[in-house]
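J.: Let me give you the structure first, and then I'll get to my questions.
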Amino acid sequence: MTALLTIANWSSSRWIDALEEAAPGRSFKRLGIDEFDPEEVRYVLAWKPPEGLLKSLPNLEVVFNLGAGVDAVLADPDLPDVPIVRLVDDNLSERMTEWVCLQVLFHFRQSFTYLDQQRKAQWRDHLQPIASDLRVGFLGYGVLAQHAAKVLLQLGFQVHAWSRSEKDTDVTLYVGDLGLPSFLGQTDILVALLPLTASTRHILNADLIGKLARDGALGAPVLINAGRGGLQKEADILAALQSGALRGASLDVFEEEPLPATNPLWHAPNLVITPHVSAVSDPRAVTRYVVTQMAAYERGEALTNVVDRARGY
Ligand code: NDP
Ligand code: OXD
């Protein structure tokens, strides 16, 4: 019985070391490096697996996605009918919370203005609103957004959120298409933590930006996206930054990654760019999660965090 590891963009050596440490008795093979018999593969541990791979494994039982977002796995037109388990892990949530809070505070504390003044050796202060004057809205209120929201609430920000379905929360929740305009109209800093699905693709467009609050303490809204690049219409975001319709933005994800050097976003005003690093999966933490799930599954217990294919996340 073999578990096959297939990861794009990341080096597999740290992963295989972590797996062998967490589960010494198991057989782990790396796609493209180790020899393996496709008939013996029972589990795949995947980050952006090549299309068709999963279908070629006749005895595959479970796919463990090594990240939280499963858009790359679900994009495989030949996806076999096996459960796909996504990553839900405190380590990942904590990293995302750090990044989200860093970006919210960066824009809130007018950091572009002060960095610009520093380059010009200018000593000049600006009126600083207080956190409780700012309305942070989470577009998507799942595991990661709820974790970040707790910290922003502690910092004093007003927080509200938008999701697909009703749920019990500690913040005001707007739901579905009907709730979206009211949600946007109350939002000074928008934080997108949505999965990429047919319903969310290109949701971050000029129309949405035009509906954000313009009466807030920062004078114009800020857009933060760590969900997926496919949520963005990048030309619209660029135009909004250039026109001032957006006061600033922070983007960790892009329609094309790596972001090509020729992309004009690199030179957009008031834009923070990070290279899809807001919450990088940590091999040791993820490995513990996967190995625990495998053991539970083999004891006949239910897998957790199984993706709902009809919903797309
Ligand atoms: P969850 O599945 O826990 O949360 C997703 C949220 O989005 C839910 O609140 C869900 O609503 C909402 N949602 C989905 N579709 C819609 C829709 N059509 N309309 C309104 N709301 C919608 O995901 P996570 O919080 O764990 O992760 C979110 C995303 O973050 C991942 O899918 C991934 O793309 C991205 N990510 C990026 C990373 C990075 O490094 N940049 C790292 C990790 C994740 P409901 O609650 O009703 O289901
Ligand atoms: C994820 C990611 O989805 O790292 O976990 O993007």
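The values are calculated or read from the model by the stated rules, or taken from the named source; none is laboratory data. Computed from a predicted model, the values in this text were never measured in an experiment. Here the Cβ is made from the backbone with ideal geometry for all residues, glycine too, and neighbour counts use every protein chain on show. Note: accessible area is taken over every heavy atom of the protein model, side chains too, but ligands, DNA and RNA are not part of it. Shrake-Rupley method; radii C 1.70, N 1.55, O 1.52, S 1.80 Å.
J.: Under a crude label model (7 Å from the Cα following the beta-carbon direction), how far is L105 from S199 in nanometres?
T.: 3.5
J.: On a full-extension model of 0.36 nm per residue, what is the gain between A206 and E39, subtracting their alpha-carbon distance, rounded to one decimal in nm?
T.: In short, 55.2 nm is gained.
J.: What is the total of Lys pairs in the chain with C-alpha atoms under 26 Å apart, excluding same-chain pairs fewer than 8 positions apart?
T.: 7
J.: Something else now. Given only helices, namely DSSP H runs of n ≥ 4 each adding -39500 (n - 2.57), what is the per-residue ellipticity at 222 nm of the chain, to the nearest 500 deg cm²/dmol? Could the numbers behind the result be given before it?
T.: On the way: 9 runs with 97 residues, N = 313.
My calculation for the chain gives -9500 deg cm²/dmol from helical runs alone.
J.: Quick one: angle between helix 176-185 and the longest Cα principal axis of the chain, in degrees between 0 and 90, rounded to 10, please.
T.: Roughly 30 degrees between the two axes.
J.: Using a 1.4 Å probe and ignoring any ligands, DNA or RNA, find the accessible area of T304 and quote it in Å² to the nearest 10.
T.: Near enough 70 Å² of accessible area.
J.: May I pose another question? Subtract the Cα-Cα distance of S165 and E61 from 0.36 nm times their separation in residues, and report this length gain in nm to one decimal.
T.: Here the answer is 34.5 nm.
J.: Given contacts defined as C-alpha pairs under 8 Å and at least six residues apart, what's the relative contact order of region 169-313, whole-number percent?
T.: RCO, region 169-313: 20 percent.
J.: With all protein chains present, how much of the accessible area of region 77-229 (probe radius 1.4 Å) comes from carbon and sulfur, to the nearest whole percent?
T.: Of all accessible area on region 77-229, carbon and sulfur atoms account for 51 percent.
J.: Angle, helix 90-108 long axis vs. longest principal axis of the chain, Cα atoms, 0 to 90°, nearest 10?
T.: Helix 90-108 sits at roughly 20 degrees to that axis.
J.: With a 1.4 Å probe and every protein chain left in place, work out the accessible area per residue of the chain in Å², rounded to a whole number.
T.: Computed with neighbouring chains in place, this is 48 Å² per residue.
J.: What is the gain in length, in nm to one decimal, between A261 and V280 on full extension, counting 0.36 nm per residue of separation less the C-alpha to C-alpha distance?
T.: 4.6 nm
J.: Over region 34-133, what lengths in whole Å, largest first, do the semi-axes of the equivalent ellipsoid take, defined as the square roots of 5 times the eigenvalues of the alpha-carbon gyration tensor?
T.: Ellipsoid half-lengths, sorted descending, are 48, 14, 11 Å.
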